[in-house]
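We did not get these values from a lab; they are worked out from the coordinates using the rules stated. Please read all numbers here as calculations on a predicted model, not as lab measurements. Ideal geometry is used to build each Cβ from the backbone, glycine not excepted, and the neighbour counts take in all protein chains shown.
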């Protein structure tokens, strides 16, 4: 079928082959037929062939080589998915001959534009390394390069490769340490586990111990049976310790991951805290670990093992959760045993009674193995807590009458151990056990009783010989271990009570002499020589009594998890309690911290390949001023994570890491704004009232032609009505133009002077904000928003790129096929802080399509609290006219003094410049405010071709046409400047035109969608004919006036 | 990390193997089968085993063992979590995770495993991403495919794979936009003989079914978020917002998912909805015993207790039972010795009762421990902790979604000791 021409038949055949493979049957005979299909067009077929190839290539190396060229070709494919999968399969073919090809492919893929391909190359590194370890040096180079990668996609995989290839090259991590810490939250969950484990090891070599004194860890271990946590606390206060900020960074960034749904991540963070955090901070992991106990059985098993180890050293951590470790009858046996272990570890004077009561239930369990384990646990509690020893002992004695012999046997063994620790008057217990002796059949228990008899034979002088007599009868039928103890008992009795037992001993020794087991024969011979006086062995004989009846040290009953702490928690080695292959020891804390400066990275460099056009000199400056960076700093500083960016619709964390991408996406913003920034600092002195940097920029550019312009401005100052101001500052003229239009119905309570002052004061903030808006606008512009297109897609794409941050950055660079338009941002005062009792509000039009309804104009309001107390519940109250359609912003719950928050709202102005009046309310007060839109903000850009424009224009002649001849500032005659001026006034789109003296702009009104067409025909001597065609004639005349002013002035 | 995966059926038959690195002979499973033999009950097999050259990490799901083989150090939870994810994916794709279904869909399983793991390291585990690459089999699609020669495998890289929102695919479209949230709470409790609570806690999850067009940004807020003591979230939830405002803000995955799971602080007293009066006794002489169980409502917050089910695992020496139930039916499984009493709705006027005699194998000693009683039940429209969702807001999309919240309280591990 594989030879068939039909794809479907081939596919069917391949499916059958894969089925064979999955069952473990050998299908390697078909190799030649299969390998032919490697270049198939059908993707499913191709994938199945890949599966086959990877499985059998090792066995059929020569034939496998036939397929290599296909992969090499696919490595150059424009589709990143195909490149990646080709690399995946190529690297999975374990044929040594192609090592050089693989090496080359990995190197190329490591600098691929797609992060997905880079991730695949990180995987390929490990594969190549396992195939040919000689390539190590070269591979390390690639790893080093990939470690610098900023994509969250790559981070996990490359650290995995690092762990596999060169886990000891800690020097490679230094420079990437902080980046990895910061990225951690956004890395996919599997990568998180690997990175956290690696960073744990790293931190142990780079930071000094936060546990105050080096010895404290060991001391804890020794002092553990005393269980006084106070002592530990006392030592902790010893001397001040200052944690390395990087160490702190790691702890802080991993903490949120405790809330992960992935149990492996939670465990990884828990072990990180256990091994790295100061003692008092470790306890925050408790809750999360206890939560994991709700998970699958297997997860419980591993987590319980780790808790068991932890609970030995730190009882306090889990004590409040003791009840979570209560055993249910439905748990699996190994879970039950582990829970028991933990309960035993947690036992102390205060809770022992509760625990013992609980144990009583367990002892009766149907699961006998578990019941036996419980008895052991009781024994351990009894030795650890001296107050309850007697109670435990009595309880255990009661168990001796239990019907189940495993329980009885276990009790005997435990009692034996307990008696040993307290070798005082317990003769009645021994007597009781002697009585039970006949009924007990478990060899271990019988042996234990015999040993007890022998050890304390002086206390039970009557019974011991009797027991020996019974044993002599049954000696031959006993188990080896019992026989040995019988011999022992006989010897001891012989020494203490030779009168009664001499013959019995002789008899037993004779039996032992001919036993089948050589151990017993051996022992018998030894004992005989030791105790029976003869000529040869005089010397030892004297000491026989001291040898046999020496007081024995009591056994220590301890946890099986006692020695597990030598392994890193959460590892396989810890789970199995043996050192597994590839286990990396966790090093001890260094006495002196290595130089922390190795982790310093000069600046957060944007990745070179993406932003080559950025000049070095600009970078630090722009970095500093970026909104998201600001926030990052805030957060690092206070750690409280105040989120004043709730409107930016992306969480703080993603923003933190997304700073580069934002920078990236607003690259052309930077091109335009970076020089404006420079100029702003320069021209600050001359006029600080400038409201938007946009104008500053223009002014800066026009420093030279200014004089000539001023004459023109002088001449026109009369019509302007604002002559003097216009001369000193072009921007204030701009603002006054809006004020002028405001003045008709606006409450004129705000005098211009304080307004300017506040603007000056809050300027840095505004600047930062406005830049952000600009960057958003840039992104939006890539689909130059025809009004009919769904705005949601525009929004979501910007949102996406906000969120996706790093990993999407190359995509966002593709988005920048956009006209380098700029967002003129004029900020207007909505509420002055004097009238607003400390609450001040400013608004501006971000010129984005409104998210809430297409007929609304988006308004961005920045609320600032300039009072000295926090304001609560800021929201929008009554509005007028009542029919006004407003999409309110969400209530701002709380605004701290000095803080500001930016919220967005939507207002349907119905294409009129009538102000929207509404009330801005706080918890206590209400303030009437109004938003007066400039006519230019009531339109939005519309894209159209020149012919369309003309045909539309023809439809809107006559009444719908408004035109005027205007005088223009000479500096304004260039095409670019004109469009800048027009765009600053009205939110319209440029219609590309090949006519030099004609410029066209098109837009639609937001509410009704009526076309607004603006034509500007340049005439001689700085005059121009401005024509506006629209159905909305009122708008047209207002727009005309605004444009006239703008063009005339600049 | 993970070298190979073997799927082993309940009876010990290895029916699927997949290797990501060099092939490891399936004889390695013998160690596992040995351990399984020793443990008896499949639940009792230790999840982590050691063999001379390999380490075996296994999970038991749906009567199947997922056995992974690894040669080097690896965090065992990493593997366990991954295996569960694999099982979840199978369940998601085939409706259930059973031997028959996996055998039926071997090729899809193989394709899935190929995508989920690369060189033993997880690659794509989000069900949304996988579904874009390999479409789940449906009858309709298989018919279409055979006719047209189309394939189940997507040719492009799923958008989710590249983004920071890997759980959601782009371009989702629905005609009915709806978002449903189920708040499911489970009471874990151990009651002792006299009916006093030894231990009780509430664990809750919010299961969501979100079918919304585009890229919606949802915010779910609670009336009383302080109630929640410990929480864990789906990766989509923005943790910072939760920390600062105690609201859940997220871009949801498409379809069904678990939004969060939480634990209600143990300081709060847990309302126990039912009480159990029981008397189980085995007579000292003669091979029989008596059983008498009555269940009544306790703190039900005015709701009816539904789907009440009582499970009693009897001691192994019990031969048969002869019981009469005043309500519902009971069954006795002879092999597992489990009495299952399906009560149904709890009527407070007429309390359900189960009584009768138990006969024990002749000669067997009297079991010294009485069996514990496990109770299963359901209370509709009630979250026993009192948690309430206050509102759900959507940003980023302009349509009005249909929203719904449902509350259910169930018994989790609810055990009565006797």
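Computed values, structure above
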quantity: Peptide A:45-58 - average C-beta neighbours from other chains (10 Å radius); calculated: 3
quantity: Spin-label model distance (nm) - residue A:280 vs residue A:360, 7 Å beyond Cα toward Cβ; calculated: 4.0
quantity: Residue A:132/residue A:244 FRET efficiency (R0 56 Å; Cβ-Cβ; nearest 0.05); calculated: 0.90
quantity: Cα gyration tensor category, rounded, prolate or oblate, for chain B with a/c compared to 1.5; calculated: oblate
quantity: Of B:305, B:321, B:100, the one that fluctuates the most in a GNM where chain B has Cα springs shorter than 10 Å; calculated: B:100
quantity: Distance between segment A:440-463 and segment A:280-310 - C-alpha centres, whole angstrom; calculated: 43
quantity: Protection proxy ranking of B:289-299, B:252-262 - average other beta-carbon atoms within 10 Å, highest first; calculated: B:252-262, B:289-299
quantity: C-alpha long axis of helix B:76-94 to longest principal axis of chain B, angle in °; calculated: 80
quantity: Within 10 Å of each Cβ in B:234-241, the average number of Cβ atoms from other chains; calculated: 6
quantity: Separation of alpha-carbon centers, segment B:349-418 and segment A:970-1031, rounded to whole Å; calculated: 71
quantity: Under 17 Å from the residue B:51 label point (7 Å along Cα→beta-carbon), backbone N, segment A:567-582; calculated: A:581
quantity: Residue exposure sequence - A:543, B:275 - by fewest surrounding Cβ within 10 Å; calculated: A:543, B:275
quantity: Simple spin-label estimate for residue A:427 and residue A:26 in nanometres, 7 Å along Cα-Cβ; calculated: 7.7
quantity: Anisotropy class of segment A:93-223 from Cα gyration tensor, a/c 1.5 cut; calculated: prolate
quantity: Inter-probe distance in nm under a simple model that places probes 7 Å from Cα toward Cβ, at residue B:91 and residue A:4; calculated: 3.8
quantity: Mean Cα-pair separation over length for chain B, i.e. relative contact order, pairs under 8 Å, 6 or more apart, %; calculated: 14
quantity: Cα centroid of segment A:163-199 to Cα centroid of segment B:236-283, whole Å; calculated: 33
quantity: Residue-averaged beta-carbon neighbours from other chains (10 angstrom radius) around A:329-335; calculated: 6
quantity: Residues A:247, A:123, sorted so that the one with the fewest Cβ neighbours within 10 Å comes first; calculated: A:247, A:123
quantity: Three-way shape label, segment A:234-386, alpha-carbon gyration tensor, a/c 1.5; calculated: oblate
quantity: A:578, A:463 arranged by Cβ crowding within 10 Å, fewest neighbours leading; calculated: A:578, A:463
